[in-house]
Amino acid sequence: MTRCGPRRSIGDRAGLEEDGFEALQRLYAEAFSDEQEKGSVCARLLLGLYNGGRFPFDLTDLRTLPAELFEDAMLVLLMDARVTRQEVHQYFAQGSKKFEDLVSDYRVIDVQRLRSGGDGAPRPPAERGTLCHDDHVSAQLVTYGDAPGYRDVTLTLDCEVVGEQRHAVGPVRLAVHLNGKDAVAVLQHIQRVNAFAWRRGDRGPLDLQPGERRPAWLDRAPSSSLA
């Protein structure tokens, strides 16, 4: 017998979401119970639904759950597969933070970070003004500098983490030094990106601003080498 009575039909999206939402709350609460084994399975199942690429879940672990939690798992899976109105973490206030906290609490390996050369450990708790390995940042140019006669370039950038940690970390000012070879490579990449965006003169880039015209420095095709 299920906690929520007879099983809903696949076409009853509102009913599936209602049952799935209630089951989702119970699984999340179980992740913080004193029963670490059951809590771990619930947490890892939720993280698998949150981001399966980072936190793949072994479905055979569901065999260890008692009947009621197993039924809750099925209800959440059904909601996630058939309702698809929003992702599971979005049913919680500050859901991304809550689910990232589950990663830290259970020390769940981040497979994507592991594949990219990291140790797979969860991101350390956000600290004001501190960036972490693999953080994605947006940047705004503040100023630049050079040493006359050399090709080295220093760019001073105000950076912010992209995503849920943005406000916790806050702005971080970085001075990025590029040697001559790397500076030229960046220049060529920027030129190629802009040339492609302006390839259709009648339309221009997708982020075209009012009154903006094709820059003259794009009239020369970018080189594919540093020669």
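Summed over segment 75-92, the residues that are in contact (Cβ under 8 Å) with a residue 40 or more places away in the chain, open to solvent by 30 Å² or more (accessible area, probe 1.4 Å) and part of a helix (DSSP H, G or I) give a count of 4.
Within segment 129-165, take every residue that is polar (S, T, N, Q) and free of Cβ contacts under 8 Å to residues at least 40 places away in the same chain and give me the one that is least open to solvent (accessible area, probe 1.4 Å). Let's see the steps before the verdict.
Here is the first cut: in segment 129-165, the residues polar (S, T, N, Q) are 130, 138, 140, 143, 154, 156, 165.
Right, trim to free of Cβ contacts under 8 Å to residues at least 40 places away in the same chain and you get 138, 140, 143, 154, 156.
Details: S138: 58, Q140: 130, T143: 66, T154: 44, T156: 27 Å².
The residue in question is T156.
Can you go through A175, A126, A168 and tell me which one is closer than 30 Å to Q90 by Cα, within 28 Å of the chain's Cα centre (by Cα) and loosely packed, with under 14 Cβ neighbours inside 10 Å? So that I can check it myself, show each step before the final result.
On the way: A175 fails: closer than 30 Å to Q90 by Cα; A126 fails: loosely packed, with under 14 Cβ neighbours inside 10 Å.
Of A175, A126, A168, the one residue that is closer than 30 Å to Q90 by Cα, within 28 Å of the chain's Cα centre (by Cα) and loosely packed, with under 14 Cβ neighbours inside 10 Å is A168.
Check segment 183-206 and report whether any residue there is open to solvent by less than 50 Å² (accessible area, probe 1.4 Å), modelled with pLDDT of 90 or more and part of a strand (DSSP E or B). No; the residues of segment 183-206 include none that is open to solvent by less than 50 Å² (accessible area, probe 1.4 Å), modelled with pLDDT of 90 or more and part of a strand (DSSP E or B). A count restricted to segment 40-70 and to residues that are touching a residue at least 60 places away in the same chain (Cβ under 8 Å) and under 15 Å from L102 (Cα atoms) stands at 4.
Only residues that are closer than 27 Å to S96 by Cα and outside any strand (DSSP E or B) were counted in segment 107-166, giving 35.
The values are calculated or read from the model by the stated rules, or taken from the named source; none is laboratory data. Owing to the predicted nature of the structure, the values given are computational and were not obtained by experimental measurement. In this analysis, Cβ positions are derived from the backbone assuming ideal geometry, glycine residues included, and neighbour counts consider all displayed protein chains. These accessible areas exclude ligands, DNA and RNA; they are computed on the full protein's heavy atoms, side chains included. Shrake-Rupley method; radii C 1.70, N 1.55, O 1.52, S 1.80 Å.
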